[in-house]
1. Quick one: what pairs do we get from region 401-412, first residue in a loop (DSSP other than H, G, I, E, B), second surrounded by 13 or more Cβ atoms within 10 Å (Cβ to Cβ), C-beta under 9 Å, 6+ apart or different chains?
2. Kindly indicate whether SER241 is among the small types (Gly, Ala, Ser), surrounded by fewer than 24 Cβ atoms within 10 Å (Cβ to Cβ) and either farther than 30 Å from ASN44 by Cα or in contact with a strand residue (DSSP E or B) (Cβ under 6 Å, 6 or more places away or on another chain) (or both).
3. Might you let me know whether region 431-438 holds any residue that is in contact with an Asp or Glu (Cβ under 8 Å, 6 or more places away or on another chain), at pLDDT 90 or above, assigned to a helix (DSSP H, G or I) and not hydroxyl-bearing (Ser, Thr, Tyr)?
4. Conditions: (1) in a strand (DSSP E or B); (2) surrounded by fewer than 23 Cβ atoms within 10 Å (Cβ to Cβ); (3) at pLDDT 90 or above. GLU513 meets all but one. Number of the miss?
5. Among what's in region 273-297 and is among the charged types (D, E, K, R) and surrounded by 12 or more Cβ atoms within 10 Å (Cβ to Cβ), pick the residue that is nearest to PRO73 (Cα to Cα).
6. Under the condition of being farther than 30 Å from LEU138 by Cβ and polar (S, T, N, Q), which residue from region 179-215 is surrounded by the most Cβ atoms within 10 Å (Cβ to Cβ)?
7. When PHE321 is evaluated against the numbered criteria (1) aromatic (Phe, Trp, Tyr); (2) at pLDDT 85 or above; (3) not assigned by TED's automatic domain parsing to the domain that holds GLY195, which criterion, by number, is the only one it fails?
8. How do the pairs read when you match residues in region 134-161 that are over 26 Å from ASP218 (Cβ atoms) with residues anywhere that are assigned to a helix (DSSP H, G or I) and of a type in the set (Gly, Ala, Ser), using Cβ under 6 Å and keeping only pairs 6 or more apart or on different chains?
Amino acid sequence: MARGVKLLLIWILCRGVNVVSSSDERTVVPLVSTANGKVQGTMNHAVDSSRPVYAFYSIPYAEPPTGSNRFQPPIPAKPWTGTKDATKIRNYCIQDQDGWNELCQTLKFPMKSPADPASYSEDCLELDVYTPDVNAKLPVMFWIHGGGLNGGSGHDYNGTALSVFNNVVVVAINYRLAHLGFLSTGDSLIPGNMGFKDQVEALKWVNQNIHAFGGDPDAVTIFGESAGSWSTSSHLVSPMSKGLFKYAILQSGSILSDIVVNKNAEYHFNEAAILLGCVNGSKSEITDCVKQAPVEDIHQVIVKTSGNMKYDRVTVDGEFFPKHPKYLYEEADFSDTKIMVGTTEHEMYMYISLWSFDGQYNYGTFLEEIKFANELFCQKDTVTVENLNKIAKFYLDKDISEMDEKSYREKAIEITTDFTMEFPVLNLTNTFVERGGTAYLYLYSHSPSHMQTIRPRDYGAHVDELLFLFGYGFIDPNELNERVTYTNDENTFALQLMKYWVNFAQNGDPNSEDLPKWPKYNLESEEFAVLQPQPNVRQLFRKEKFQF
């Protein structure tokens, strides 16, 4: 255990952080003046810590995208009079909330979105700010949530522990999701990428206002996981995002994944229009019908098509993406750009574990399981029967007659992790470095102890690192966040993980003297950090897997 992190853990668990008396002025939640008006927040504490974090919830950064503003780029929030109450969460963006909560429950993820339909609205373009000191000039960590671009919320992530233990300002945003965020006609009628443009507007708001919360607008790091990483990797090459952030952290996702960019936008728009009953008239008239559809009807279409990711994909709209992101990456100059990027070791455990089958598990079942997962993320020519057989034969290290269900499933997780996450992320990282960028590559490899009772082995699965990065072992439970108890080693690991991330946000380098060394990634040595309770360094191997 690194000495500095060990001392910090003892400090947190045994004494609290910066104990403040009730008369200390910091026990009074400050009133913050933004360019739009005043906001009044609330005070949070991490477990066993007396140092407050000031939380400001549901600050609007854009006007409600309703009525004639539906499917349009966001409009900056207008000023308000008086003081806006930012002590509680207001709205979540419209989504299939039941499906999202069921997924979180199945995976034992200690968060959920509200079950009350009234909590979901088109009027959801808001953000949360967590700050330990409104009078400072601290690095800013701008969080973009995942959820396949069709679920989740910035409100799901409590930034208290990350903020107070590391002296940073944390911003977590909402952006439009599913059809309301990414539906496109494939032309100027509805160009698409509304959700990405929301993220740009939120970044502009941060650049203009974060100084009032103790943040440094010149030290903004964007970070996101899964679809949040699709987003983050998109901002690296979008001209709309240029100059709005300094560093980027990409967790388990790449905009260069096969299926993220919608190649049949108009076809999928027409499918959605039919479900909404918009079937008569010219293309312009059908588009107007969709724009004017009751939001309840759109919500039902979102629920009906949830899990079919073809509706929730980005488009080459000529503005956010002037051309396909593949070409933007290949042509970019990243010589002044630094990223941290990586995946978890068993990303696809969460999908494979949800796949059910009838009868005996055999080689045919194994191929079906690979096909099921890969079709979510890969083009059709990758998941042909012929190609699946080639892939299976390459990965299987023993005769089919010796394979049982456990062996098959472990190989299915390895294969689908490589094809859906590992290869696209490595492809992006290699291109980024070839174009002059500085990258720190990681592999997260630890299963949270509270999940090990439901998993067949110590899997480091999709989203697992977020439990430690956001310090869920240090956060008091509430109606949306369950308390998770971790071992002392895991709490130490959580502090290490936070510090790597915050070091990078401060300096563009995750390293410090009290942490195990994390080398820069280069195309010769191909070294990366393995993030687990005892971090170490490895090199890439079996590169022949890329042949597929």
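The values are calculated or read from the model by the stated rules, or taken from the named source; none is laboratory data. Nothing here was measured: the structure is a model prediction, and the numbers come from that model. We place every Cβ from the backbone using ideal geometry, glycine too, and count neighbours over all the protein chains shown.
1. From region 401-412, the pairs are MET403/ASN362; MET403/TYR363; MET403/PHE366; MET403/LEU396; MET403/LYS411; ASP404/TYR361.
2. Considered against the rule, which asks whether it is among the small types (Gly, Ala, Ser), surrounded by fewer than 24 Cβ atoms within 10 Å (Cβ to Cβ) and either farther than 30 Å from ASN44 by Cα or in contact with a strand residue (DSSP E or B) (Cβ under 6 Å, 6 or more places away or on another chain) (or both), SER241 comes out as yes.
3. no
4. The number of the failed condition is (1).
5. Filtering first and then ranking leaves LYS291.
6. ASN193
7. So the condition that PHE321 fails would be (3).
8. From residues that are over 26 Å from ASP218 (Cβ atoms), the pairs are GLY146/ALA227; GLY146/GLY228; GLY147/ALA227; GLY148/ALA227; LEU149/ALA227; ASN150/ALA178.
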